[in-house]
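What follows is one structure encoded as C-alpha cells, with my remarks underneath.
The values are calculated or read from the model by the stated rules, or taken from the named source; none is laboratory data. This structure is a prediction, so every number in the text was calculated from the model and none was measured. As a convention, Cβ positions derive from the backbone with ideal geometry for all residues, glycine included, and neighbour counts pool all protein chains shown. These area figures cover heavy atoms from the full protein model, side chains too; ligands, DNA and RNA do not enter into them. Shrake-Rupley method; radii C 1.70, N 1.55, O 1.52, S 1.80 Å.
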Amino acid sequence: METALPPAGKGVEKTIMGHPRGLVILFLTEMWERFSFYGMRGLLIIYLTQHFLMSDESSSVLYGAYGALVYVMTIIGGSLADRYLGARKAVTFGAILLTLGHFGMTFEGSGSKQLLEYNDTQYQISLDARGGDAKQLIISDSGTSYVTFTETDMLITEPEAVDLPAVIPRDQFTMSVETEEEYLMMLYLSLALLIAGVGFLQANISTIVGALYGFGVSCRDSRVTLFY
C-alpha cells in the first residue's frame with residue numbers, strides 16, 4: 001500500500017506536544033464560546049429581574065427560550081455549513097455573531113423603573129442594595145423613605161420625608177414598570193445574535209477537530225476526547 005507524500009513545499013505540519021497547532025486555536029475558541037453560554041445562563045435571570053424588572057415568570061420564559069434555541073439552532077447551523085458555508089466559514093461566522101451579540105449587551109441603558117401612582121402623583125420604588133437583604137425605598141421630590149408592602153396596605157417608615165400617609169391601602173395606589181424600549185429591543189437582538197452564533201460555531205467546530213486527524217490515526221478518538 002502506497003503512502004501519499006505531502007505536497008511539495010509544504011513539508012510536515014508543525015505540532016504542539018504532538019498535536020496539530022489548530023487544536024489549540026479550536027480549544028480556545030470553544031472555551032470562550034462555552035464561557036459565553038454558561039456565563040449568560042448564570043447571569044441572565046439576575047439581569048432580567050434586577051435591571052429590566054421583569055417578573056420571575058417572564059424572565060424564566062425568556063431564559064428557557066434562550067437555552068432551548070441555542071441547541072435548536074445547531075441543526076440549522078450544521079445544515080447550512082454542510083450545504084453552503086463549510087465548517088471553517090461557519091465557525092468564523094458564528095464567532096463574529098457571538099462578538100456582536102456580547103457587544104450589543106453592553107448597551108443596557110439606565111434600567112427599568114418601578115413606579116407607584118397615588119393621588120395623581122408618581123413615586124419611584126427602588127432598592128437600597130442588591131440581593132436578598134435589599135430593602136425597598138419610595139422616592140419622591142421631597143425625600144426618600146423605606147416602604148413595606150403587605151397584602152392589604154403599603155407601610156411607610158418615615159412618611160414625613162416623602163409627604164405621604166404612614167399607611168396607604170392597596171386599592172388607593174397602582175404600580176407600573178417604565179421600560180426603555182430601545183434597550184429592551186437591543187437585548188432581544190443581542191440574544192438572537194448569541195443564539196445564532198452558538199448555533200453556527202458549536203455545530204461545526206467538532207467537525208474541524210475531527211478533520212485535523214486522518215481516519216487512519218489510531219488515537220484519533222482519544223485526541224477528540226482530549227479536546228472536550
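At a glance:
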{"quantity": "Residue within segment 85-96 that is in contact with a His (Cβ under 9 Å, 6 or more places away or on another chain) and at pLDDT 85 or above present", "calculated": "no"}
{"quantity": "Condition met for residue 61 (crowded, with 17+ Cβ neighbours inside 10 Å and of a type outside the set (Gly, Ala, Ser))", "calculated": "no"}
{"quantity": "Subset of segment 103-125 [surrounded by 15 or more Cβ atoms within 10 Å (Cβ to Cβ), among the hydroxyl-bearing types (Ser, Thr, Tyr) and in a strand (DSSP E or B)]", "calculated": "118, 123"}
{"quantity": "Single residue of segment 148-165 satisfying the filter (farther than 15 Å from residue 136 by Cα and assigned to a loop (DSSP other than H, G, I, E, B)) that is nearest to the chain's Cα centre (by Cα)", "calculated": "151"}
{"quantity": "Test: residue in segment 171-178 that is within 30 Å of residue 63 (Cβ to Cβ), at pLDDT 90 or above, crowded, with 16+ Cβ neighbours inside 10 Å and under 25 Å from the mean Cα position of the chain (by Cα)", "calculated": "no"}
{"quantity": "Pick from segment 33-46, criterion without any contact (Cβ under 8 Å) to a residue 24 or more places away in the chain and farther than 18 Å from residue 205 by Cα, ranking: least open to solvent (accessible area, probe 1.4 Å)", "calculated": "44"}
{"quantity": "Selection from segment 67-84 of residues that are small (Gly, Ala, Ser) and within 16 Å of residue 206 (Cα to Cα)", "calculated": "77, 78, 79, 81"}
{"quantity": "Residue 53 vs. criteria modelled with pLDDT of 90 or more and touching a strand residue (DSSP E or B) at 6+ places or on another chain (Cβ under 6 Å)", "calculated": "yes"}
{"quantity": "Residue selected from segment 77-99 under the condition open to solvent by 60 Å² or more (accessible area, probe 1.4 Å) and among the polar types (S, T, N, Q), by the criterion nearest to residue 188 (Cα to Cα)", "calculated": "99"}
{"quantity": "Residue pairs meeting the criteria (Cβ under 8 Å; at least 6 apart or on separate chains; first surrounded by fewer than 24 Cβ atoms within 10 Å (Cβ to Cβ), in segment 197-211; second in a helix (DSSP H, G or I) and hydroxyl-bearing (Ser, Thr, Tyr))", "calculated": "202/74; 205/29"}
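One line per residue, one yes/no per condition, for (1) more than 29 Å from residue 48 (Cβ to Cβ); (2) over 12 Å from the mean Cα position of the chain (by Cα); (3) outside any helix (DSSP H, G or I):
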| position | (1), (2), (3) |
| --- | --- |
| 66 | no, no, no |
| 71 | no, yes, no |
| 76 | no, yes, no |
| 82 | yes, yes, no |
| 90 | yes, yes, no |
| 93 | no, yes, no |
| 96 | no, yes, no |
| 101 | no, no, no |
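Residue by residue, here is whether (1) loosely packed, with under 11 Cβ neighbours inside 10 Å; (2) within 15 Å of residue 118 (Cα to Cα) holds:
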| residue | (1), (2) |
| --- | --- |
| 130 | yes, no |
| 133 | yes, no |
| 136 | no, no |
| 146 | no, no |
| 155 | no, yes |
| 161 | no, no |
| 166 | no, yes |
| 169 | yes, yes |
